[in-house]
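Below is one structure; the comments refer to it alone.
Taken together, the values in this text are just the output of simple stated rules run on the coordinates, not laboratory data. Nothing here was measured: the structure is a model prediction, and the numbers come from that model. Positions of Cβ are backbone-derived with ideal geometry, glycine not excepted, and every protein chain shown enters the neighbour counts.
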Amino acid sequence: AQKITQTQPGMFVQEKEAVTLDCTYDTSDPSYGLFWYKQPSSGEMIFLIYQGSYDQQNATEGRYSLNFQKARKSANLVISASQLGDSAMYFCAMREYNNNDMRFGAGTRLTVKP
Amino acid sequence: GAVVSQHPSWVICKSGTSVKIECRSLDFQATTMFWYRQFPKQSLMLMATSNEGSKATYEQGVEKDKFLINHASLTLSTLTVTSAHPEDSSFYICSASNWGNTDTQYFGPGTRLTVL
């Protein structure tokens, strides 16, 4: 069963504007972690941000913030002040601590327009 | 963040040959390493999870005799694609973690395998 859902295959944003990439998940494990990775055309996976299921506050890392709504099981990534270099594939992932592995969503391709 | 390397970054081989891909954690001890496969414009699919010193756990549908994984030390895991065929052509990415110290997985740069 699909546990991580990214419903936006592609997104466009104007440079310097903010953009939200959606991610919903499904788990019965009370302990889990949510991750966002960026994959540019070079193929490397770049870790962006992490949110633990017990974290009370939304995670932030520079221009990245994670809008964590536990009851809705959503973990949207917000990128503020988009830059041209933000154009890439973005993957949401979840690790259930009972399983010890990480599962990825289908990804969203973000294109930043000048 | 932690650094994970992969070697080679790309490889072209003939059908029927075997290819070994190395994954190294350069500045931390990886208790667990993961191997993923990614087809063009698709997401990462977990192939197997390996813990240092024990046999890898393969995902359903992944042939363990075809994709041999060895995790002999806390800094090195290898994936050997045996008797490669064109359908094995893909982007293979490893990741490493030390769950005791961090919840994050760190990824290698990937290896692009092309089987002719």
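The table below lists the values:
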{"item": "Sequence-distant aspartates and glutamates (8 or more away, or on other chains) whose Cα lies within less than 17 Å of residue B:20", "result": "B:63, B:65, B:87, B:88"}
{"item": "Simple label model, 7 Å out from Cα along Cβ direction - residue A:46 to residue A:70, nm", "result": "3.1 nm"}
{"item": "Any cysteine of chain B lacking a neighbouring Cys Cβ under 4.7 Å - listed by number", "result": "B:13"}
{"item": "Charge tally in the Cβ shell below 13 Å around residue A:80, where Lys, Arg are +1 and Asp, Glu are -1, residue A:80 excluded", "result": "-2"}
{"item": "Net charge dipole size for chain B [Lys, Arg +1 and Asp, Glu -1 on Cβ; Debye, nearest 20]", "result": "260 debye"}
{"item": "Enclosed volume per residue, in Å³, of the convex hull spanned by Cα atoms of the protein assembly as shown", "result": "123 Å³"}
{"item": "Taking all pairs of distinct alpha-carbon atoms in segment B:45-93, Kirkwood radius in angstrom", "result": "11.5 Å"}
{"item": "Cα-based radius of gyration of chain B once divided by 2.2 N^0.38 Å, which approximates compact folds", "result": "1.00"}
{"item": "Cα-centre dipole for segment B:37-86 with unit charges at Cβ (Lys and Arg positive, Asp and Glu negative), debye to 20", "result": "140 debye"}
{"item": "From phi via Karplus (6.51, -1.76, 1.60), per-residue ³J(HN,Hα) for segment B:33-43 in Hz, x at Gly/Pro", "result": "10, 10, 10, 10, 10, 9, 8, x, 6, 10, 7"}
{"item": "Percent of Cα-Cα distances greater than 12 Å, calculated over segment A:51-105", "result": "72 percent"}
{"item": "Of B:14/B:66; A:3/A:70; A:73/A:113, pairs whose Cα-Cα distance is over 19 Å", "result": "A:73/A:113"}
{"item": "For segment A:25-31, 3J(HN,Hα) per residue [Karplus equation, 6.51 cos²θ - 1.76 cosθ + 1.60, θ = phi - 60°, Hz, x = Gly/Pro]", "result": "9, 9, 7, 9, 7, x, 10"}
